[in-house]
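> My structure is below; once you've seen it, I'll send some questions.
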Amino acid sequence: MNGFDLIIFDCDGVLVDSEIIAAQVESRLLTEAGYPISTEEMGERFAGMTWRNILLQVEKEADIPLSASLIDKSEKLLDARLARDVKIIEGVKFALARLSTQRCICSNSSMHRLDMMLEKVGLKPYFEPHIFSAKDLGPDRVKPKPDIFLHAAKQFDVSPQKVLVIEDSVHGIHGAAAAGMRVVGFTGASHTYPSHADRLTEAGAETVIARMTDLPAVVAALGEWADAV
């Protein structure tokens, strides 16, 4: 036994190194709109959030009215950059080849973007058809809400307590924890920052890894602990 019936992977910053690209595009747009923010700060503060929710948060904090056109502008710029530059996270295929537990993806990205990125880096066959976008559930049901995680567990007919989630963001970990699932934090993408691991642990990750090649051993160890309880 391995202790888990399902492993859920976030996509951005876990399977593909896309969060840094999003931070670059979005920091530039916010700075041009009158809210100066660096790429590094974008990654630290907003990784895992939808662009819509980032804009709402910035408006609330800075009392700066942001144009709705920024949403469409970001989507087009980011899609173009991702199609050109996104890369797989090193070690992902190694890890997937050594994990026999059924798996899926739960992401805040749109299905269109997930399809494009996974196709580009060669990961789509490892997960299809079990690729889920929180946006398909509704704009008010994205992470950090637990809805997408619970939706995935329901598709596989498994208990949330038997699910392990791999997440790189505080928002994602909050959502998985709220769903009653166990979480491994990941800090191996390019948007990582000095306090990243500490923040993921504080959010509820049981352990944090910086190399995807370490994941199979961690899953086995956590599974043995679960079987022993």
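The values are calculated or read from the model by the stated rules, or taken from the named source; none is laboratory data. This one's a predicted model, so the numbers in the text were calculated from it and none came from an experiment. Cβ sites come from the backbone with ideal geometry, for glycine too, and all protein chains shown count toward neighbours. When the accessible area is computed, the model is the full protein with side chains, heavy atoms only, and any ligands, DNA or RNA have been set aside. Shrake-Rupley method; radii C 1.70, N 1.55, O 1.52, S 1.80 Å.
> Any idea what the dipole of segment 1-76 comes to, in debye rounded to 20, about its Cα centre with Lys/Arg Cβ at +1 and Asp/Glu Cβ at -1?
So the magnitude is around 220 debye.
> Report in % the part of the accessible area of segment 74-229 that belongs to carbon and sulfur, leaving out ligands and nucleic acids; probe 1.4 Å.
Percent of accessible area from carbon and sulfur atoms in segment 74-229: 53.
> In segment 161-190, which residues have a backbone nitrogen under 17 Å from the label point lying 7 Å from Asp214's Cα in the Cα-to-Cβ direction?
It comes to 165-169, 183-190, nothing else.
> Shifting gears a bit: By per-residue mean of other Cβ atoms within 10 Å, what is the highest-first order of 158-164, 192-198, 103-109?
103-109, 158-164, 192-198
> Restrict the search to segment 60-130; then list the GluC sites (Glu not before Pro) that DSSP places in a loop and that have at most 14 other Cβ atoms within 10 Å of their Cβ.
For GluC sites (Glu not before Pro) across segment 60-130 that sit outside H, G, I, E and B with at most 14 neighbouring Cβ atoms in 10 Å, the list reads Glu90.
> Looking at the chain as a GNM with Cα springs under 10 Å, which of Ala176, Ala62, Ala217 has the largest mean-square fluctuation?
Checking each option, the largest mean-square fluctuation is seen for Ala62.
> Which value, in debye to the nearest 20, describes the size of the charge dipole of the chain about its Cα centre when Lys and Arg Cβ atoms bear +1, Asp and Glu Cβ atoms bear -1, and nothing else is charged?
With only Lys, Arg, Asp and Glu charged at Cβ, the dipole is about 440 debye.
> Right, here's the next one. Taking 21 Å as the cut-off for C-alpha to C-alpha distance, list the pairs among Lys73/Lys135; Lys60/Lys143; Lys73/Lys145 that go past it.
Lys73/Lys145
> Express in whole angstrom the spacing between the alpha-carbon centres of segment 169-229 and segment 99-114.
So the two Cα centres are separated by 16 Å.
> Of the options Trp51, Gly34, Leu77, report the single residue whose Cα projects farthest towards the positive end of the charge dipole of segment 34-95 (beta-carbon charges: Lys, Arg +1; Asp, Glu -1).
Looking along the dipole axis, the top candidate is Leu77.
> Nearest 500 deg cm²/dmol is fine: what mean residue ellipticity at 222 nm does the chain get from its DSSP H runs of n ≥ 4 alone, each adding -39,500 (n - 2.57), divided by its residue count?
For the chain, the value works out to -14500 deg cm²/dmol.
> Let me ask you something else. Restricting to DSSP loop positions (anything but H, G, I, E, B) with no more than 10 other Cβ atoms inside 10 Å of their own Cβ, which GluC sites (Glu not before Pro) remain in segment 154-229?
Qualifying residues, ordered by number: none.
> Right, another one. Using alpha-carbon positions, what is the distance between the centroids of segment 71-87 and segment 43-70, in Å?
If you average the Cα positions of each part, the centres end up 17 Å apart.
> Right, something else. Probe of 1.4 angstrom, ligands and nucleic acids ignored: what's the accessible area per residue over the chain, in square angstrom?
45
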